[in-house]
Amino acid sequence: MGDIVGMAEDDALILLVGSSGGHLAQLLALEPWYRRRRRHWVTFDTPDAASLLAAEEVTWAHHPTTRNIRNLLRNTFVALRLFRTRNIAAVITTGAGVALPFVIAARLRRVPSVYIEVYDRIDTPTLTARLCRPFISAMLVQWEEQRRSYPEATVVGPLL
């Protein structure tokens, strides 16, 4: 991911975006990569996420996001505000629905974004990946079989 996500400025940060639960767990598995980088998290304010990210800088997104237009709009404003107030170098996301406004905002700002398809969807693409795909800079998958859905993807292996 280092080649995809350049860090040109010292004060720039990585925005890690993912729903709580398994999506967040997969982002947390990237810790060896982001350990020495400035970062900011976007996820849902759930007990597990609050506990796991207690020492991190977090913006709480609105949920549920599945087929919820109101929260999609609310999260769009959250994304636009973050991009306006922070120097974001890249967006890394595992989905789910919370990802879409952030990858679109990244595209509008010409900020690279990386989508990592979740490990448990091997045979069919997730809805969020299909929606985000036109806006992302790179697609990463965890299984070679996922390349049937994403031929351009880079296989990084299982995160968990």
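Model label sites at D123 and L108, defined 7 Å from Cα along the beta-carbon direction, differ in position by 3.8 nm. Within the shell defined by Cβ-Cβ distances under 13 Å, the residues around G97 carry a net charge of +4, with Lys and Arg each +1 and Asp and Glu each -1.
With a cut-off of 13 Å between beta carbons, the residues surrounding T128 carry a summed charge of +3, where Lys and Arg count +1 and Asp and Glu -1. Based on C-alpha pairs under 8 angstrom that are at least 6 apart in sequence, region 13-155 has a relative contact order of 22 percent.
Calculate for the chain the 222 nm mean residue ellipticity that helices alone would give, adding -39,500 (n - 2.57) per DSSP H run of length 4 or more and normalising by residue count, nearest 500 deg cm²/dmol. If you can, show how the numbers build up before the last one.
Numbers: 6 runs with 50 residues, N = 160.
Rounded to the nearest 500, the figure is -8500 deg cm²/dmol.
By DSSP, the beta bridges lying fully in region 13-155 are antiparallel in about 0 percent of cases.
Given their separation in residues at 0.36 nm each and the Cα-Cα distance between them, R84 and D11 gain 24.8 nm when the chain is fully extended.
Taking amide H as placed 1.01 Å from N in the peptide plane, the amide H of I88 sits under 5 Å from that of L13, each at least 5 places away or on another chain.
Coordinate-derived values only; no laboratory data. What you are looking at is a predicted structure, and each value in this text was computed from that prediction instead of being measured. Backbone-built Cβ (ideal geometry, glycine too); neighbour counts: all protein chains shown.
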